[in-house]
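Read through the structure below, which is laid out as structure tokens, and then see the notes.
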């Protein structure tokens, strides 16, 4: 296991590489890069399996942050950005991911939820999921249980990487 971490604001900055996956064996390598207002995340997938990820503070320049968070996820793997087949950018800085072939916004997803409605539990992802002052009012407003994954900060980048895999695989 290759993991490095450092502390910042509400959660630590960290990166991880799955030791049992070799990107050299993959037919397709995809990535999702989520440039949030506070934290930025990159997820790298090899044949649709989580290979590496990183989470770090968003810098003052989205383009540089996109490059830095992606390079940090790739650190020590020998994989370069130009070897990634398809990259999807998301988050507020999604249009500033210079190597993304597609961008998607979370606002589009939120509008779909409002149209469909909430029937049961709701999963909250991203940095806001770490904000304890946000959860109770949201739970009350939606009248639903709010589920928070163990690492909510990189779920958006994971979804973008899955979208890249599904898009490129077709």
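The values are calculated or read from the model by the stated rules, or taken from the named source; none is laboratory data. All values derive from a computational prediction rather than experimental measurement. Note that we place each Cβ from the backbone using ideal geometry, even for glycine, and neighbour counts take in every protein chain shown.
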Filter the range 25-46 for residues that are touching a residue at least 40 places away in the same chain (Cβ under 8 Å) and in a loop (DSSP other than H, G, I, E, B) and give the result.
28, 36, 37, 38
Taking only the range 115-137 into account, find how many residues are touching a strand residue (DSSP E or B) at 6+ places or on another chain (Cβ under 9 Å), surrounded by 14 or more Cβ atoms within 10 Å (Cβ to Cβ) and either part of a helix (DSSP H, G or I) or at positive phi (or both).
5
All but one of (1) in contact (Cβ under 8 Å) with a residue 24 or more places away in the chain; (2) surrounded by fewer than 16 Cβ atoms within 10 Å (Cβ to Cβ); (3) over 19 Å from residue 46 (Cβ atoms) hold for residue 156; state the number of the condition that does not hold.
(2)
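Can you confirm whether residue 55 is surrounded by 23 or more Cβ atoms within 10 Å (Cβ to Cβ), under 21 Å from residue 128 (Cα atoms) and at pLDDT 95 or above? Steps first, answer last, please.
Working: surrounded by 23 or more Cβ atoms within 10 Å (Cβ to Cβ): yes; under 21 Å from residue 128 (Cα atoms): yes; at pLDDT 95 or above: no.
For residue 55, the condition - surrounded by 23 or more Cβ atoms within 10 Å (Cβ to Cβ), under 21 Å from residue 128 (Cα atoms) and at pLDDT 95 or above - is not met.
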Hey, can you tell me all the residues within the range 47-57 that are under 13 Å from the mean Cα position of the chain (by Cα) and not in a strand (DSSP E or B)?
none
Residues (farther than 14 Å from residue 158 by Cβ and without any contact (Cβ under 8 Å) to a residue 40 or more places away in the chain) located in the range 13-23
19, 20, 21, 22
